[in-house]
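Structure, as structure tokens:
The values are calculated or read from the model by the stated rules, or taken from the named source; none is laboratory data. Not measured: the values here are computed from a predicted model. We place every Cβ from the backbone using ideal geometry, glycine too, and count neighbours over all the protein chains shown.
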Amino acid sequence: MAMELLYLGVVCMLLPVFAEYAKIRKGAEKAFNWLAVGGISFILATAFGVNLWITYIPQLATYGGMLFEFIGWLFVLIGALLAIATFMKK
């Protein structure tokens, strides 16, 4: 599960790059910034699953990973809703 979360974080961080390449980022810059921050949060959630944390402080690893995964999903949801709202106005 950690690798899937890492892949999701990388994809979310690459979304603004591809949007800039497709020239659609200018219209919804805030939305893509929210999506990128969600990707950073997913990568941070993955970092809590590293064996060092699990070995020494298992509860911190579990709750920290869950917290940042939830925050990442929240940021991605806000970014997606902002993008939908921005593109529906046009």
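A few notes on this one:
- Of residues in the stretch 24-46 being of a type outside the set (Ser, Thr, Tyr) and closer than 15 Å to residue 5 by Cβ, the one surrounded by the most Cβ atoms within 10 Å (Cβ to Cβ): 42
- Candidates 49, 65, 79, 72: the one that is within 14 Å of residue 5 (Cα to Cα) and at pLDDT 95 or above is 72.
- Restricting the stretch 58-79 to residues that are of a type in the set (A, V, I, L, M) and touching a helix residue (DSSP H, G or I) at 6+ places or on another chain (Cβ under 7 Å), the residue that is farthest from residue 43 (Cα to Cα): 78
Every residue, every condition in (1) in a helix (DSSP H, G or I); (2) without any contact (Cβ under 8 Å) to a residue 12 or more places away in the chain; (3) in contact with an Asp or Glu (Cβ under 8 Å, 6 or more places away or on another chain); (4) not charged (D, E, K, R), yes or no:
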| residue | (1), (2), (3), (4) |
| --- | --- |
| 4 | yes, yes, no, no |
| 8 | yes, no, no, yes |
| 11 | yes, no, no, yes |
| 15 | yes, no, no, yes |
| 23 | no, yes, no, no |
| 29 | yes, yes, no, no |
| 36 | yes, no, no, yes |
| 49 | no, no, no, yes |
